[in-house]
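Input: a single structure, listed below in structure tokens.
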Amino acid sequence: MTGVSISQFRELCQRHGLAVTHQRQVIFEALTSMPGHPSPEEVFERVRKKVPAISLATVYKAIHTFLDSGIFGEVSVHHGSLRVDRNISPHHHLVCTRCKSITDIEESDVEPVQLRRSLPAGFQVHRYAVEILGVCPRCSEQSQGNPDKQHY
């Protein structure tokens, strides 16, 4: 979704029933140009270079608007701060328990999830997401140089 033009952004907003505002556009541009799964705080740091008067609350509100409309997805919030997922196709995540980095993995790279028991009556599954917790290569390499550094 990188390199979205202003006209494409306007059309995307129109398709999702959103008003086109300069602040939303700048936030959208930041989100689509940032690697990984940025937090609102990371987006805020980038956006305020273009719009110094913008508040963190405005960034959060715009991000939630994008999430609610389905333009972006959300990575599980139990890793700390909200993280935005630009990839809205079915996929899963590798999560580093040390640096909290999140990496996408294709849905086809994970065996299908099968429930052993039936779900509570009335529960409707919309989708499932697998999070594989571990240590990323960068953190693993850093800890090999210092065996006293154990993180859990």
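Coordinate-derived values only; no laboratory data. Owing to the predicted nature of the structure, the values given are computational and were not obtained by experimental measurement. With ideal geometry, Cβ positions are generated from the backbone for all residues, glycine too; neighbour counts draw on all protein chains shown.
Could you grab me the full set of residues in the range 37-63 that are surrounded by fewer than 17 Cβ atoms within 10 Å (Cβ to Cβ) and touching an Asp or Glu at 6+ places or on another chain (Cβ under 9 Å)?
Lys50, Leu56
Could you name every one of the helices (runs of 4 or more DSSP H) located completely within the range 1-91 that has at least 1 residues being in contact with a strand residue (DSSP E or B) (Cβ under 8 Å, 6 or more places away or on another chain)?
Numbers: elements: 6-15, 22-33, 40-47, 56-69.
Of the helices (runs of 4 or more DSSP H) lying wholly inside the range 1-91, those with at least 1 residues that are in contact with a strand residue (DSSP E or B) (Cβ under 8 Å, 6 or more places away or on another chain) span 22-33, 40-47, 56-69.
Can you tell me which residues in the range 113-132 are out of contact with any strand residue (DSSP E or B) (no Cβ under 7 Å at 6 or more places or on another chain) and aliphatic (A, V, I, L, M)?
Correct list: Val113, Leu115, Leu119, Ala121, Val125.
Out of the range 35-53, which residues are free of Cβ contacts under 8 Å to residues at least 60 places away in the same chain and under 21 Å from the mean Cα position of the chain (by Cα)?
Applying the first criterion (free of Cβ contacts under 8 Å to residues at least 60 places away in the same chain) to the range 35-53 yields 35, 38-53.
Across the range 35-53, the qualifying residues are Pro35, Pro38, Ser39, Pro40, Glu41, Glu42, Val43, Phe44, Glu45, Arg46, Val47, Arg48.
For residues that are loosely packed, with under 10 Cβ neighbours inside 10 Å and charged (D, E, K, R), scanning just the range 105-142, find the one that is nearest to Gly73 (Cα to Cα).
Arg127
What tally of residues in the range 2-31 results from selecting those that are surrounded by 15 or more Cβ atoms within 10 Å (Cβ to Cβ) and over 18 Å from Asp68 (Cβ atoms)?
Initially, the range 2-31 is screened for residues surrounded by 15 or more Cβ atoms within 10 Å (Cβ to Cβ), giving 4, 9, 12-13, 18, 23-31.
The next check asks that each one be over 18 Å from Asp68 (Cβ atoms); those that pass are 4, 26, 29-30.
Going through the range 2-31 one residue at a time, the tally reaches 4.
Looking at (1) within 27 Å of Glu11 (Cβ to Cβ); (2) of a type in the set (Lys, Arg); (3) surrounded by 13 or more Cβ atoms within 10 Å (Cβ to Cβ), which is the only condition Lys100 fails?
Lys100 satisfies all of (1) within 27 Å of Glu11 (Cβ to Cβ); (2) of a type in the set (Lys, Arg); (3) surrounded by 13 or more Cβ atoms within 10 Å (Cβ to Cβ) except (1).
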